[in-house]
Amino acid sequence: MSAPQQLAFPLPAWPALGRAAFIAAPCNAEALARIDAWPEWPAPRLVLCGPPASGKTHPAQIWAAKARAETLPAPLLTLDMVA
């Protein structure tokens with residue numbers, strides 16, 4: 001017996017990266033709470049990490065909008081930027 005395959009529907013996709021479009025769940029509750037607490041963080045930096053396609057972009061965009069910050073693609077980052 002073969003494994004079931006996921007059906008793909010030809011639905012339009014659009015980025016919905018605002019706070020109102022974020023679905024809070026137990027797996028992302030701590031990250032969302034930290035972002036919502038900005039600028040009252042216990043440290044001046046926050047690292048949001050996880051494997052590819054695990055949902056880091058949406059909370060990062062929420063914070064960037066709240067902080068009026070610019071976002072950069074990871075390949076453009078260097079260690080001297082965070083030191």
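Angle between the Cα long axis of helix 57-67 and the longest principal axis of the chain, 0 to 90 degrees, nearest 10?
So the helix axis and the longest Cα principal axis differ by about 30 degrees.
Based on the alpha-carbon set only, what is the convex hull volume of the chain divided per residue, in Å³?
Taking only Cα atoms, the chain has a hull volume of 171 Å³ per residue.
Could you report region 1-76's accessible area per residue, 1.4 Å probe, as an integer in Å²?
Per-residue value: 87 Å².
Between the DSSP loop rule and a limit of at most 10 other Cβ atoms within 10 Å, which trypsin sites (Lys or Arg not before Pro) in the chain are left?
Listed in order of number, the matching sites are Arg45, Arg68.
Compare Trp14, Trp41, Trp63 by solvent-accessible area with a 1.4 Å probe and give them largest first, with all protein chains kept in place.
Ranked from most to least accessible, the order is Trp14, Trp63, Trp41.
Carbon and sulfur atoms: what percent of the 1.4 Å accessible area of the chain do they account for? If you can, show how the numbers build up before the last one.
Details: 4730 of 7320 Å².
Summing carbon and sulfur atoms, their accessible area is 65 percent of the total for the chain.
If you place +1 on the Cβ of every Lys and Arg and -1 on the Cβ of every Asp and Glu, how big does the dipole about the Cα centre of the chain come out, in debye to the nearest 20?
100
The values are calculated or read from the model by the stated rules, or taken from the named source; none is laboratory data. Everything numeric in this text was worked out from a predicted model, so none of it was measured. Using ideal geometry, Cβ is built from the backbone for each residue, glycine included, and neighbour counts are taken over all protein chains shown. The accessibility values were calculated without ligands, DNA or RNA, using every heavy atom of the protein model including side chains. Shrake-Rupley method; radii C 1.70, N 1.55, O 1.52, S 1.80 Å.
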